[in-house]
Amino acid sequence: QPFLGPLITLDTTVSHFLHTLFKPILPTFLLLLLEYSADFRFSFPVSLSLFLASPSLSSRSTPFILGLLLDLAVIGLIKLIFRRTRPPYNPNMSPVVHADNFSFPSGHASRVLFSATLFHLILQNDDGFVSDFIKQWTKLEADFVLLGVWVWAIMTATSRVLLGRHFLFDVLAGVIIGVLEGIVAFLVFWF
């Protein structure tokens, strides 16, 4: 505890400072939009819909579905072990109904970094199907969409501290877990 105490104090202080500094400046609606977009109750049905949409999409969406389930289990287990309470300076939390009251690690951060990492790895190793699918449906180049996914992931992870939902170390842990889950999902579930 001699090492953890000062570290937790620093984390709490820096997180509160960032929340207080940016809360009056940033548009809350954008931060809440990011929060909704990364919620499991949104991301899982979207992945499942892609899986069910067509046989050609099902094998390519399987890593996302299984990875999201892996993320749910890993984050839930870690939260139950550590049971770190959420920041006290955000009593109303949000319109998004939270499944838990624990802060460490951030499930939103892990989910978005998982998604960005897996999408990145899939595009790097794609036979052209995913790139062609993106271009057909969005009229955008796959690299441009990939950049957008990374920007979304970083903004969403950052928003967790700025909204006062998590402490900085919660988000950093979620980021690390999400990247590792993305790598695992690609190596294990990508066909």
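Computed values, structure above
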| item | result |
| --- | --- |
| Residues (among the charged types (D, E, K, R) and part of a helix (DSSP H, G or I)) located in region 3-24 | 11 |
| Single match in 8, 65, 25 (criterion: of a type in the set (A, V, I, L, M) and within 22 Å of residue 170 (Cα to Cα)) | 8 |
| Residue among 43, 59 that is over 19 Å from the mean Cα position of the chain (by Cα) and closer than 23 Å to residue 112 by Cα | 59 |
| Residue that is modelled with the highest pLDDT, among those in region 160-181 that are assigned to a helix (DSSP H, G or I) and in contact with a His (Cβ under 8 Å, 6 or more places away or on another chain) | 174 |
| Check on residue 62, part of a helix (DSSP H, G or I) and either among the hydrophobic types (A, V, I, L, M, F, W, C) or closer than 19 Å to residue 103 by Cα (or both) | no |
| Qualifying residue in region 42-54 (condition: within 30 Å of residue 121 (Cα to Cα) and at pLDDT 80 or above) | no |
| Subset of region 25-59 that is outside any helix (DSSP H, G or I) and of a type in the set (A, V, I, L, M) - its residue that is farthest from residue 189 (Cα to Cα) | 25 |
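The values are calculated or read from the model by the stated rules, or taken from the named source; none is laboratory data. In this text the structure is predicted, and so the values were computed from the model without any measurement. All Cβ positions, glycine included, derive from the backbone under ideal geometry; neighbour counts span all protein chains shown.
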